[in-house]
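Below: one structure, written as C-alpha cells.
The values are calculated or read from the model by the stated rules, or taken from the named source; none is laboratory data. Since the model is a prediction, treat every value here as computed from it, not as a measurement. Here the Cβ positions follow ideal geometry from the backbone for every residue, glycine too, while neighbour counts run over all protein chains shown.
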Amino acid sequence: MNRQYVDSSMITSIGYDALSCTLEVEFKDGTVWQYHEFPEYMWYEFESAESKGKYFNANIRKQYTPLGHRV
C-alpha cells in the first residue's frame, strides 16, 4: 500500500486502500498498523485533518481494532 508522509508528532505516514477498505498508519516508532473495514469517508476526514494525531486519538484509536502490524 502506498502511504503519504504527514506532518505529525506521532504519525509518520498514512495510506488507504479503497478496494479492501483498509487504513494503514505508520507511527514514529516505525510500527505500522492496519485497520480493516475502515470507511472511505473517514479516510478523507483523516487525510484532511489539521492534526492527524488528534483525529486518530478521537476517531480511530478506540473505535477500530488494528488487525495487523509490522515493525
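Which numbered condition in (1) at negative phi; (2) in contact with a Pro (Cβ under 9 Å, 6 or more places away or on another chain) is the only one that CYS21 fails?
In the conditions (1) at negative phi; (2) in contact with a Pro (Cβ under 9 Å, 6 or more places away or on another chain), CYS21 misses (1) alone.
Taking the residues in the range 1-34 that are of a type in the set (A, V, I, L, M), at pLDDT 95 or above and not in a strand (DSSP E or B) as candidates, determine which candidate is surrounded by the fewest Cβ atoms within 10 Å (Cβ to Cβ).
As a first pass, look at the range 1-34 and keep what is of a type in the set (A, V, I, L, M): 1, 6, 10-11, 14, 18-19, 23, 25, 32.
Filter once more, so that each one left must be at pLDDT 95 or above: 6, 10-11, 14, 18-19, 23, 25.
Subsequent filtering for residues that are not in a strand (DSSP E or B) retains 6, 10, 18-19.
Working: VAL6: 18, MET10: 15, ALA18: 9, LEU19: 5.
Within the range 1-34, the match that is surrounded by the fewest Cβ atoms within 10 Å (Cβ to Cβ) is LEU19.
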